[in-house]
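The values are calculated or read from the model by the stated rules, or taken from the named source; none is laboratory data. Worth saying up front: this structure is predicted, and the values here are computed from it rather than measured. Cβ sites come from the backbone with ideal geometry, for glycine too, and all protein chains shown count toward neighbours.
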Amino acid sequence: MHYLLIHGSWHGAWCWHKIVPRLEAEGHRVTALNLPGRGRNPATMQFVGLGRLVKAAMACLPENEATTVVVHSRYCVLASALAEAAPDRIARTIYLASFMLPNRKAVADYFRSDANSWLPPHVTISKIGMWDQLDPKAYRECLYHDCSDDDNALSASLLSREPLRPAIAKIKLTDEKYGRVPRSYIRLTEDRAVSVSMQDRLINETGADRVESIEASHSAYFSQPDKLTQRILKLSTK
């Protein structure tokens, strides 16, 4: 099976460095994508919109087999748009503590209404530069409170600004395309970034055929890589 791993806000492909070898050890092929503007894929923030992200993700989908997409946090909007654009090339979408949006909604609509999230007071938004950024002083408490000092140090050296346009884009989804792609959800019950109450709201509003939970922070790929890999494998089976 081929997996496409899509990172969340301020991160890059590097955040999956514990998950990739675990999935490969089970005999699967794995692509961890650096979205435009992150990691080794530099870009001017004002020019990074949802369409550009979809194009980058589409380039990672092989034509001869369907891909299971695993998406974290903000980039639900990309995974869902990808399912709408290429439903026949995606076997399943697995949303990991992600803003699994209903039709014609934006990530920003839900981010602002998550009363239990620790993030909003620590996020700086530049409407001129069209980016947002998390205060480094909030990294550990908001994203990595159950992660090791090593993981925190790695993340602190790599987190970056985030293009703003995808977060304010209202996604357009149809039952005929997006609705054909099975979707599952992994709840992170100790999440301080996307609160568990928000995760449950999104599951209720959008719907998922299978739901699993892990007792972990927003960064389960660091703190619980074995459990997260097990859940991904479990949800990938029909």
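General remarks:
- Hey, ARG180 loosely packed, with under 14 Cβ neighbours inside 10 Å, closer than 21 Å to VAL77 by Cβ and modelled with pLDDT under 95 or not: no
- Odd one out for LEU188 among (1) out of contact with any Leu (no Cβ under 6 Å at 6 or more places or on another chain); (2) crowded, with 17+ Cβ neighbours inside 10 Å; (3) aliphatic (A, V, I, L, M); (4) within 14 Å of ARG74 (Cα to Cα): (4)
Residue-wise test of (1) more than 13 Å from HIS11 (Cβ to Cβ); (2) aromatic (Phe, Trp, Tyr); (3) touching an Asp or Glu at 6+ places or on another chain (Cβ under 6 Å).
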{"residue": "TRP118", "(1), (2), (3)": "yes, yes, no"}
{"residue": "VAL123", "(1), (2), (3)": "yes, no, yes"}
{"residue": "MET130", "(1), (2), (3)": "yes, no, no"}
{"residue": "ALA138", "(1), (2), (3)": "yes, no, no"}
{"residue": "ASP146", "(1), (2), (3)": "yes, no, no"}
{"residue": "ASP151", "(1), (2), (3)": "no, no, no"}
{"residue": "LEU154", "(1), (2), (3)": "no, no, no"}
{"residue": "SER160", "(1), (2), (3)": "no, no, no"}
{"residue": "LEU164", "(1), (2), (3)": "yes, no, yes"}
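- Flag for SER155 being part of a loop (DSSP other than H, G, I, E, B), under 17 Å from the mean Cα position of the chain (by Cα), among the polar types (S, T, N, Q) and surrounded by 13 or more Cβ atoms within 10 Å (Cβ to Cβ): no
- Some residue of the range 175-195 being basic (Lys, Arg), more than 24 Å from ALA57 (Cβ to Cβ) and free of Cβ contacts under 8 Å to residues at least 60 places away in the same chain: no
- Considering residues of the range 197-238 that are part of a loop (DSSP other than H, G, I, E, B) and surrounded by fewer than 16 Cβ atoms within 10 Å (Cβ to Cβ) only, the residue modelled with the lowest pLDDT: LYS238
- Near pairs, Cβ below 6 angstrom, 6+ apart or cross-chain, from the range 110-128 (free of Cβ contacts under 8 Å to residues at least 60 places away in the same chain) to any residue that is assigned to a loop (DSSP other than H, G, I, E, B) and among the charged types (D, E, K, R): HIS122/ASP135
- The range 183-196, residues that are farther than 18 Å from LEU23 by Cα, of a type in the set (A, V, I, L, M) and not in a helix (DSSP H, G or I): LEU188, ALA193, VAL194
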